[in-house]
Amino acid sequence: MVSKSDDINGKAVCGICPHNCSLEPGATGKCGARKNVGNGLVVPTYYGLVSGYAVDPIEKKPLYHFFPGSVILSVGSYGCNLKCDFCQNFSISQEFSVPQGRKLLPSDIVQDALKVENNTGIAFTYNEPVVWPEYMRDIAVMAKDAGLRTVMVSNGYVNPAPLREMISYIDAFNIDLKFFSNESYKKYAGGTLDPVLKSISAIAKAGRHLEITTLVIPQLNDSAGEMKALTSWIASETGKDTPLHISRYFPVFRRKTESTDPSKIEELHLIASENLSFVYAGNLVNTTLSDTYCPDCSTKVTSRSGYTTEHIRITSDGNCTKCGRKIYNYLTCS
């Protein structure tokens, strides 16, 4: 999609993400999913090879303000351009040798999506979609022609030019803002903070639907100060109404730190809510912190239990029935 050749030594520079991998002929980038095939071309290694394929509640992405209560056909492939030691999908993002999966044409996926009842559209998720933009684009363009919406669940570690193209065909984004510290990004994710912040800003300025997720990991990003700084930045850069999902961490992959204490999630939820209108707690049971309340009159407008959503006091056009405050811009799929 984006590459630059070096005529002196035959290398090709992949321009998809800030790593800007300089690849010898036949070499694969840090993501494990893009390869220099010669003539200055860097191409996706696993075009059309699907690792995950399921109909999910839209809340699972998580997206709480984009057609809440609907479902979405979700598709994933292989590879990731970050190297988080706490990755929950490491078997398809980092530790894969000969990927197992079936080949699906873009037309196959779109036709399947059209058959699903109450379906919002197609979500690109499970592994990192940034590393397979050609496949994502081909599906998305066909999906939009068929009247379907598109969702991208991403780490946001992408260069500006490829992101602009993605924004042109993606309707909604959930961006994983892992830390609000450049040093933490370098040490624990193998990337840097600034490109992610720039991606979030660009998505918001383009008017696309945006939600943000932060996984709270003990001793890494669970301080009150970091949450205050993170949410203050979101409020000033993308707006107070940007939904933020604060998720509880559980040990996985190479990180064996104990699970986040639920009380810590509750504490950070309270702090985040000082700056943002819509803050949600994820990976907690028996909680009301995933419900939606009107920021103006405090009325509970939507109740959530797991991935089950019940609208209580919301109009058909997404307003609070008590005070009329706009809550959802996207409410029904019809």
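The numbers here are math on the coordinates, done by the rules we state, and not lab data. The structure displayed is predicted, hence computed values, not measured ones. Neighbour counts run over all protein chains shown; Cβ positions are idealised from the backbone, glycine included.
Rounded, prolate or oblate: which fits the stretch 3-44, taking a ≥ b ≥ c as square roots of the Cα gyration tensor eigenvalues, rounded meaning a/c under 1.5, else prolate when a/b beats b/c? It comes out prolate by the Cα gyration axes. Here the label points at Leu105 and Ala224, each 7 Å from Cα along the C-beta direction, are separated by 5.9 nm in the simple model. Taking Cα atoms only, the orientation of helix 160-169 departs from the longest principal axis of the chain by about 60 degrees. For the chain, the 222 nm mean residue ellipticity estimated from helices alone, with every DSSP H stretch of n ≥ 4 adding -39500 (n - 2.57) and the total spread over all residues, rounds to -6500 deg cm²/dmol. Working from label points 7 Å from Cα in the Cα-to-Cβ sense, the Ser303 to Ser184 distance is 3.4 nm. With one equal scatterer per alpha carbon and no solvent term, the Debye-computed log10 I(q)/I(0) for the stretch 181-242 at 0.15, 0.17 1/Å reads -0.49, -0.63. Rounded to the nearest 10 degrees, the angle from helix 193-205 to the longest Cα principal axis of the chain is 60 degrees. DSSP beta bridges fully contained in the chain are about 50 percent antiparallel.
How big is the charge dipole of the chain about its Cα centre, in debye rounded to the nearest 20, if each Lys and Arg gets +1 on its Cβ and each Asp and Glu gets -1 on its Cβ? The calculation lands at about 180 debye.
Full extension of the segment from Arg325 to Glu237, taken as 0.36 nm per residue of separation minus the current Cα-Cα distance, would add 29.5 nm. Against the main long axis of the alpha-carbon atoms of the chain, helix 224-237 sits at an angle near 80°.
Sorting Trp132, Trp233 by the number of Cβ atoms found within 10 Å of their own Cβ, with the fewest placed first, yields Trp233, Trp132. Each residue, Thr257 and Asn118, gets one label point 7 Å from its Cα in the Cβ direction; the gap between the two is 3.7 nm. Comparing mean-square fluctuations of Gly52, Gly318, Gly207 from a GNM of the chain with C-alpha springs under 10 Å, the top value falls on Gly207.
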